[in-house]
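What follows is a short report on a single structure.
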Amino acid sequence: MSIPGGSAEDRNLIVRASRGDVEAFSRVVRDRSGFVYRVAQRIVGPDKAQDASQEVWVRVWQRIQDFRGESAFSTWLYKITVNACLDARRKDQRREARELPEEPPYLPEAPTSDNDPESSALNRERREEIFESLEYVREDHRAALVLRHMEGLSYEEIAEVMDVPTGTAKGWVSRGRASMLVALFEKGKKGKGTPGGDAEAGGRP
Amino acid sequence: MPSVESERWEFLERVGAYAAGELEGAEAREVERLMLETEDNRRLAESYAQMLALLSALGQETPEAPDAMVNYAIRRAYVSATLRRADSIMRGLAIDYLGALVHYLGLRPSERR
């Protein structure tokens with residue numbers, strides 16, 4: 001088996017883990033647990049990231065013997081992580097129908113003195129607002145949006161991870177962006193009230 | 001014929017693609033023209049840019065995985081590997097035992113002749 005990408009030591013570890021070597025698997029878990037947890041946090045939200053990450057590692061252990069090295073290990077791991085997170089999200093649907101607002105979806109100004117968007121991202125309330133708004137984006141659109149704008153993947157990479165054509169990946173990111181903006185706008189209008197529902201389910205054909 | 005709602009979503013998505021720097025040539029110029037037309041369109045593009053900057057800044061953060069999660073994953077793999085080995089030993093023993101029983105009872109086709 002040849003594994004594209006990563007150092008020789010990494011590749012060796014993965015080959016050993018795929019043959020059932022638990023020591024090697026433990027090293028893989030320790031080296032990549034931050035990556036899995038980070039992606040899970042972005043797709044399922046901070047509250048459910050730990051459970052989703054555990055499910056990812058259970059699946060990785062069950063399937064690593066089938067890993068043939070046809071793609072980079074990181075792509076394979078992304079795929080398992082995204083699928084486990086989507087399954088977790090589907091179990092916990094809280095979306096309701098909602099239509100596009102009449103007024104254009106402007107964001108309320110970031111609560112910082114200099115109004116610099118990047119520094120406002122470090123504000124705890126703003127961070128919560130972002131994660132809460134992501135909750136209202138349809139799960140596959142949310143995953144594509146996270147992979148594009150938080151993980152920095154190309155559309156081709158997103159398509160490979162999500163097992164869809166590149167055009168579909170582009171469409172999902174685009175819809176995810178629009179839905180998130182609408183959700184942020186609605187949150188800004190309502191303040192810190194109860195979440196109201198899916199930003200796109202009712203409005204998007 | 002596309003509905004008004006559908007057209008509004010498409011417009012929203014187009015401005016989003018522009019804010020993300022994904023439009024080129026005539027498509028980009030068309031959105032720029034629309035932005036010059038109304039203050040609403042300009043603010044929409046600014047809101048997108050602000051949202052994308054927030055997502056990108058959050059994307060730079062690297063949260064640590066909780067130790068409990070890492071330990072759970074490793075412990076589970078050890079237990080699973082032990083069970084796999086035990087299963088393999090038990091299967092081996094069962095096959096040996098069955099083979100001995102067949103031999104003892106003289107049930108092997110070659111021995112019955």
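Just a few scattered comments:
- Some residue of region A:103-126 being farther than 22 Å from B:Gln60 by Cα, modelled with pLDDT under 60, touching a helix residue (DSSP H, G or I) at 6+ places or on another chain (Cβ under 6 Å) and assigned to a loop (DSSP other than H, G, I, E, B): yes
- Helices (runs of 4 or more DSSP H) completely within region A:1-76 that count 2 or more residues being buried (at least 16 other Cβ atoms within 10 Å of the Cβ) and at the interface with chain B (Cβ under 9 Å from one of its Cβ atoms): A:22-44, A:49-63
- Selection status of B:Asn71, in a helix (DSSP H, G or I), assigned by TED's automatic domain parsing to the domain that holds B:Arg14 and not basic (Lys, Arg): no
- Listed conditions (1) surrounded by 20 or more Cβ atoms within 10 Å (Cβ to Cβ); (2) at pLDDT below 65 are all met by A:Glu96, apart from (1).
- Among the residues of region A:166-191, those that are over 16 Å from B:Ser47 (Cα atoms) and under 18 Å from the mean Cα position of the chain (by Cα) comprise A:Thr166, A:Thr168, A:Ala169, A:Lys170, A:Gly171, A:Trp172, A:Val173.
- Of all residues making up region B:20-38, the number that are at pLDDT below 90 and facing chain A (nearest Cβ under 10 Å): 1
- Of all residue pairs spaced 6 or more apart or on separate chains, those with beta-carbon atoms under 6 Å, a first member in region B:26-44 that is in contact (Cβ under 8 Å) with a residue 24 or more places away in the chain and a second member that is not polar (S, T, N, Q) are B:Asn41/B:Leu34; B:Asn41/B:Met35; B:Leu44/A:Pro104; B:Leu44/B:Val15.
- Taking each residue of region B:75-91 that is polar (S, T, N, Q) and looking for partners that are at pLDDT 80 or above with beta-carbon atoms closer than 7 Å, six or more apart or interchain, yields B:Ser80/A:Trp61.
- Pairs, first at positive phi in region A:150-176, second surrounded by 15 or more Cβ atoms within 10 Å (Cβ to Cβ) and in a helix (DSSP H, G or I), C-beta under 8 Å, six or more apart: A:Gly152/B:Gly59; A:Asp163/A:Lys79
- Meets criteria (modelled with pLDDT of 85 or more, under 22 Å from A:Arg89 (Cβ atoms) and surrounded by fewer than 22 Cβ atoms within 10 Å (Cβ to Cβ)) for A:Thr168: yes
- Region B:30-87, residues that are farther than 23 Å from A:Pro46 by Cα, surrounded by 14 or more Cβ atoms within 10 Å (Cβ to Cβ) and aliphatic (A, V, I, L, M): B:Val31, B:Leu34, B:Met35, B:Leu44, B:Ala45, B:Ala49, B:Ala77, B:Ala81
- Conditions (1) surrounded by 13 or more Cβ atoms within 10 Å (Cβ to Cβ); (2) assigned to a loop (DSSP other than H, G, I, E, B); (3) of a type outside the set (Phe, Trp, Tyr); number of the one not met by B:Gly21: (1)
- All of B:Tyr78, B:Tyr104, B:Tyr48, B:Tyr97 fail the test of being within 30 Å of A:Glu55 (Cβ to Cβ) and aromatic (Phe, Trp, Tyr), apart from B:Tyr78.
The values are calculated or read from the model by the stated rules, or taken from the named source; none is laboratory data. Bear in mind that the values here come from a model prediction, so they are computed numbers and not experimental data. Virtual Cβ from ideal backbone geometry, glycine too; neighbours counted across all protein chains shown.
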